[in-house]
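The values are calculated or read from the model by the stated rules, or taken from the named source; none is laboratory data. Because the structure is predicted, anything quoted here is derived from the model rather than measured. Positions of Cβ are backbone-derived with ideal geometry, glycine not excepted, and every protein chain shown enters the neighbour counts. Surface areas here come from the heavy atoms of the whole protein model, side chains and all, with no ligands, DNA or RNA. Shrake-Rupley method; radii C 1.70, N 1.55, O 1.52, S 1.80 Å.
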Amino acid sequence: MLAISSSLLSLHRRTTNTLLTRYAFSIPARTRNTTKSVSLTTLCAGSDIRKEEVVIVGAGIAGLSCAVCLHRLGVRSLVLEQGESLRTGGTSLTLSKNGWTVLDAMGVADELRPQYLEIEGVFSITKTIFDAYGNSTELRAVERKTLLETLAKQLPVDSVTFSSKLAKIKKHEDGETLLELVNGTRISSKVVIGCDGIHSPVAKWMGYSEAKYVGYCAFRGLGDFPNGQPYESRVNYMYGRHGIRVGYVPVSTTKVYWFIIFNSPEPGSKITDPSVLKRQAKELVKKFPSELQNLIDATPDDTIIRNPLADRWLWPGLSPPASLGGTVLVGDAWHPMTPNAGQGACTALEDAIVLVQKLAPSLKAGPEAIEDAYKSYQNERWPRIFPMTVRANFAGAILQSENPLVCAVRDNVLVPKLLKLGPMLEHTGNFKCEPLQQTKFINSIRQYVLYAFGFYMVSKSRGGQNPVRQKTGTGSKPGPVHGQSQRTGSGSNPVRFFSDPAYKIPGPVAPVPESPDSIGTGPDLAGTGVDRIQFRILFRFWFRNRLAWPPLIKSHESLYEFACSHMIVVDYLVLAI
């Protein structure tokens, strides 16, 4: 017995991969009086090799997006982050329609949209460059912190490990990739996804050169106005002939993102003192309108940054491939680009969903299938990424020019013509992707729940009768609904009100209440006999299907407007049910 116990103990020691220390913090959920605990893990040194199927290096936008996409398809991944927590510092980023398309497919867009204002146009110091561009694009500035936390909340416990800085990467003898961390932990994985940013150690190991400095730097910050910011929902853009351009855009009702881009022959040393950063930023814009000075003054110290801007062009036939063995690159680790096209985060999101949709089915098929998935990913992404990187670089060179002739052509031809016609926005609307499998399932379940509750509430409000039938005599037959006349003729339909365009809900036109408490204090809303939860679920059902019950809508317009503007609250209620 003693020998058996000793053998089991020895086996346990040999198969123990690492020691885990767990920490937890709470991210406020979007429902009142509740929080969701997210468990975070720190890897500690161990003597053995930990086995994983998929390891993602970097817990930024690209890394967490890959992890969420894999999770939606039922694939577990381990995300390694070198910092002690999510990199939630910094400012905001702009997401165009292609970025929102991916977030929709991942099932997180509905949580983010209500928090941020949609940008309605770009306004230069002298004229409007372009107004809202129809339905072809959707443009919002989103706080980086909120985006990362929202993505992290979608992942299972222990998916993200912190204090896990990569020290070495090499091919293991079994054909897998071996990662060695600074603390001594060793991890062997079939798949390694490098999402570790512009200075990626993974990309360097794969043979990529450092991103090239483009000759200008950027100050960025996030002005905070607790009592409400006073600016219109548009990009306010100013540029001159001295290699300086500035701009600001409202992010939400209380936050305003601003940037200053200026020419500099050298990247300069890293500055961490916020007071020095603010002083230098204000010095650059002293000849611009005073509102820029006010924005800088209203910026908290932890949201102002200064970065040299760089990119890397993926020359065909000259640049290394996007993958090497079981390792592949995503986002800035593969194709860093300047922010002039506003596509850094959006292309990282695109990369993530394209890669995962190709990779997930191949994981059980073996190394050759994985390499084929990588090649397919590169072949699909390169024709989109390379022109976008070049376009962003070209736009920056023109906008930062100090040559009087170039500036004249820019100000009178390039900027008004290009931006007014929309070619700079065209790439944001032509990216398509299908919802991920689990996202489809969740949406289907949600729709069934909403349909059931909507039907139940309509039936309840009619005294238990079927909402599309009325009692007549001993039987039942189709009839009018609450004052709506029965349609007749060859095209009559007893449930016509469920599909008639005349009954589709118009958008809200009146100011929306700012809190749930403004629509009533008790469970009975305005004497309707419908409690608050039932009311939101019912209107969510109507809104999702773009169908309404006109008499009820007409008599409760303010309640309807509230429901339309607080859809995320209803989502949480429905999912909770």
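Points worth noting:
Here is a yes/no grid of residues against (1) assigned to a helix (DSSP H, G or I); (2) open to solvent by 20 Å² or more (accessible area, probe 1.4 Å); (3) out of contact with any Ser or Thr (no Cβ under 6 Å at 6 or more places or on another chain):
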residue	(1), (2), (3)
63	yes, no, yes
74	no, yes, yes
88	no, yes, yes
93	no, yes, yes
114	yes, yes, yes
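- For residue 162, the conditions (1) surrounded by 19 or more Cβ atoms within 10 Å (Cβ to Cβ); (2) more than 28 Å from residue 273 (Cβ to Cβ); (3) assigned by the TED database to the domain that holds residue 370 are fulfilled apart from (2).
- Any hit, the range 114-137, residues being closer than 29 Å to residue 360 by Cα and at pLDDT 90 or above: no
- Test result for residue 195, in contact with a strand residue (DSSP E or B) (Cβ under 7 Å, 6 or more places away or on another chain), open to solvent by less than 40 Å² (accessible area, probe 1.4 Å) and farther than 18 Å from residue 54 by Cα: no
- You will find that of 72, 13, 76, the residue that is at pLDDT 50 or above and over 18 Å from the mean Cα position of the chain (by Cα) is 76 and no other.
- Residue that is nearest to the chain's Cα centre (by Cα), among those in the range 138-176 that are within 23 Å of residue 76 (Cβ to Cβ) and among the polar types (S, T, N, Q): 150
- Residue among 366, 344, 317, 326 that alone is more than 24 Å from the chain's Cα centre (by Cα) and buried (at least 20 other Cβ atoms within 10 Å of the Cβ): 326
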